[in-house]
1. Full-extension gain between residue 128 and residue 438, please, as 0.36 nm times their residue separation minus the C-alpha to C-alpha distance.
2. In µm²/s, what is D for the chain at 25 °C and 0.890 mPa s, where D = kT/(6 pi eta Rh) by Stokes-Einstein and Rh is the Kirkwood radius from Cα pairs?
3. How would you rank 308, 388, 220, 430, going from fewest to most other Cβ atoms within 10 Å of each one's own Cβ?
4. Where does each of 109, 84 land when they are ranked from fewest to most other beta-carbon atoms within 10 angstrom?
5. I need the calculated FRET efficiency for the pair residue 250 and residue 159, taking r as the beta carbon distance and R₀ as 30 Å, to the nearest 0.05.
6. Compute the helix-to-body angle for 74-83: its Cα long axis versus the longest principal axis of the chain, expressed 0 to 90° and rounded to tens.
7. How much length is gained on full extension from residue 71 to residue 89, taking 0.36 nm per residue of separation minus their Cα-Cα distance?
8. Please work out how much length the chain gains when fully extended from residue 359 to residue 178, using 0.36 nm per residue of separation minus the C-alpha to C-alpha distance, in nm with one decimal.
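Just so it is clear, none of the values below were taken in a lab; they were calculated from the coordinates. Small disclaimer: the values here were computed from a predicted structure and weren't measured. Counting neighbours? That spans all protein chains shown, and the Cβs are built from the backbone with ideal geometry, glycine included.
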Ligand SMILES: Nc1ncnc2c1ncn2[C@@H]1O[C@H](COP(=O)(O)OP(=O)(O)OP(=O)(O)O)[C@@H](O)[C@H]1O
Ligand SMILES: [Mg+2]
């Protein structure tokens, strides 16, 4: 028997969602205030109920209501009656809170090296030459055994590259200090937007997004992105793309399953593609296509489905379209385009329905058990069983306090990486130069003394031996690395 849950209905029909089609992705679209967030809430709590963990980005904070029970009222009762829901019962969902700024939930971090040069170039909005240099920074860090974890690692890496630009250029291609300067300025902008909060350890473990509670319900991970959306939509988008790529890389293939392993909801989905270079958009499209086989479903939420690249739209199995406005000729054209993406229903004029839909009402098409899209239906979406609207600060604190992963992410660690090592190297070089100078000075004094006493020992003086050994050690630690670097360059290895 396949697992199904009710999405909504009208006086004549009910629309059910089949869990085994959940990895065929979907979208929720509609103008402001038409019911997108509540629809997302309804889907999320149904996935949780059937044991599927959910990750969602909470753009306005109102999805935190998932974590507490809703209350019955007349409006909800009348919706229940229209849809003919027979087992409605208010309840809270098992939830985890996340927040990059660590205020509204567990901090969510990743590292520079996990994010990789492609995404980072997009995040920093680098041009082609500059991203070429960023790729070199990753390659050099690799060759030198330097970890790039946080922004200060990348900063010191770039500073070090600027200093050694000549030597590095012959091996890694032209490294101009003006381009490095430009990247450094972009990094400053990112810092001002709070970007250093994203890059830190402990990095997020994907397993923590894929848990079920003691009763077998899927835990809903709610990432509060209210502050992030204000400060840096670009960081928000980069994080989501990173998450998608990371899940794709880490999860094993699963065959056709009766339900997905994880479902992701990406609100303000247009941001993922805004000003992204073609190469990145292609990558996202590819990952979205392939992640299906890993048992992950992705749901895009946006004002208009036309905000989402055609190639991705074509892949989406479940379509929930709330009302669109049609004031301008362009609006009207868009309504027609959106209406035509649905499989026709002879009983329904899709084009005119889109502009007439009431709040919490939608045009819906899902996939049937054979994976074919069902004819579009005009339905009221079920009311959620959890609260519509946000938690207050105390309610949130209480839930965070009971978190099963309390403490795991809450203390930042700063292990030895590029920043520390490069700093240490510089410090070492200064000390060694100092020692060498001192030894040389001592040797000079010794010689003078000997000359004054008119007697020259045939044995090597103590000071001289120190000088030599210090120079040797300079040559053996830092020196050797530099020499090795140069040799590599000369030999073109
Ligand atoms: N399925 C539903 N059941 C009950 N009430 C609903 C439902 N959908 C929407 N509503 C009501 O409509 C209001 C607005 O819905 P919602 O917040 O989901 O809109 P939205 O499209 O997300 O708006 P925005 O674009 O501003 O974020 C809700 O606060 C709720 O009162
Ligand atoms: Mg909303």
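1. 106.8 nm
2. For these conditions, the coefficient is 95 µm²/s.
3. Result, fewest neighbours first: 430, 388, 308, 220.
4. Listing 109, 84 from fewest to most nearby Cβ atoms yields 84, 109.
5. Computed FRET efficiency for residue 250 and residue 159 comes out at 0.40.
6. Tilt of helix 74-83: around 70 degrees.
7. So the chain would gain 5.5 nm between residue 71 and residue 89.
8. 59.8 nm
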